[in-house]
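Peer 1: This is the structure I have questions about; it appears just below.
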């Protein structure tokens, strides 16, 4: 700390991490000040800020810390509410259609799920053409895809949840800007309960 400005660096080798600078007057109660953004031009995070920008006033003493956080806390809350709605529907046997693309591979398929297990996959379209059926995926597996992206703090998670049943009706996920062809998008439609 020099005069009214503070300079520090947070060492981190994962450029996808998100951090918050926090302040405490007593080292017990913490408040959020500013998010710390990473940069590919430096090793870690370099920050220079003044008292006015940080809004810390004229403390005689103050404690600072950086805390890792999930940039997708709102997505996580919506995910939990949607999963609860899906579980309440009690759909264990159903069929549904999906359009999916990941990297250079895309397909449209119709799935039949019986007692929570995929029992049939019918490929409607696939590019490039492949001989094996698309991967077996229940609606719970699509929820798991979103949960995994949240856990990995993906750079993009954009989900539209079905208003009635809660399932992830459409979505786009990009885990890392540094990795090519791992982006995934999908649209789920025509969920039909089976007797």
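Peer 1: Test residue 75 against the stated conditions and say whether it is touching a strand residue (DSSP E or B) at 6+ places or on another chain (Cβ under 7 Å) and under 30 Å from residue 31 (Cα atoms). Steps first, answer last, please.
Peer 2: Values: touching a strand residue (DSSP E or B) at 6+ places or on another chain (Cβ under 7 Å): yes; under 30 Å from residue 31 (Cα atoms): yes.
Here the answer is yes, as residue 75 does meet what is asked.
Peer 1: Only one of (1) modelled with pLDDT of 95 or more; (2) in contact with a strand residue (DSSP E or B) (Cβ under 7 Å, 6 or more places away or on another chain) fails for residue 115. Which number is that?
Peer 2: It is condition (2) that residue 115 fails.
Peer 1: Within the range 137-145, is even one residue in contact with a strand residue (DSSP E or B) (Cβ under 6 Å, 6 or more places away or on another chain) and either modelled with pLDDT of 95 or more or buried (at least 19 other Cβ atoms within 10 Å of the Cβ) (or both)?
Peer 2: Step one: list which residues in the range 137-145 are in contact with a strand residue (DSSP E or B) (Cβ under 6 Å, 6 or more places away or on another chain), which gives 138, 142.
Remaining after also requiring either modelled with pLDDT of 95 or more or buried (at least 19 other Cβ atoms within 10 Å of the Cβ) (or both): 138, 142.
Checked against the condition, which is being in contact with a strand residue (DSSP E or B) (Cβ under 6 Å, 6 or more places away or on another chain) and either modelled with pLDDT of 95 or more or buried (at least 19 other Cβ atoms within 10 Å of the Cβ) (or both), the range 137-145 yields at least one hit.
Peer 1: Hey, another quick one. Among the strands (runs of 3 or more DSSP E) lying completely within the range 70-135, list those that include at least 2 residues that are touching a helix residue (DSSP H, G or I) at 6+ places or on another chain (Cβ under 8 Å) and closer than 22 Å to residue 164 by Cα.
Peer 2: Details: elements: 94-102, 105-114, 117-127.
It comes to 94-102.
Peer 1: Return the residues of the range 162-180 that are buried (at least 20 other Cβ atoms within 10 Å of the Cβ) and either in contact (Cβ under 8 Å) with a residue 40 or more places away in the chain or farther than 18 Å from residue 77 by Cβ (or both); say none if nothing qualifies.
Peer 2: 166, 167, 168, listed by residue number.
Peer 1: For the range 146-162, give me each residue that is closer than 23 Å to residue 90 by Cβ, in contact with a helix residue (DSSP H, G or I) (Cβ under 9 Å, 6 or more places away or on another chain) and not in a helix (DSSP H, G or I).
Peer 2: Our first condition is that a residue be closer than 23 Å to residue 90 by Cβ; within the range 146-162, this holds for 146-147, 159-162.
Remaining after also requiring in contact with a helix residue (DSSP H, G or I) (Cβ under 9 Å, 6 or more places away or on another chain): 146-147, 159, 161-162.
159, 161, 162, listed by residue number.
The values are calculated or read from the model by the stated rules, or taken from the named source; none is laboratory data. Note that the structure is a prediction, hence the values are computed from the model and not measured. Methodologically, a virtual Cβ is constructed for each residue, glycine included, from the backbone with ideal geometry; neighbour enumeration extends over all protein chains shown.
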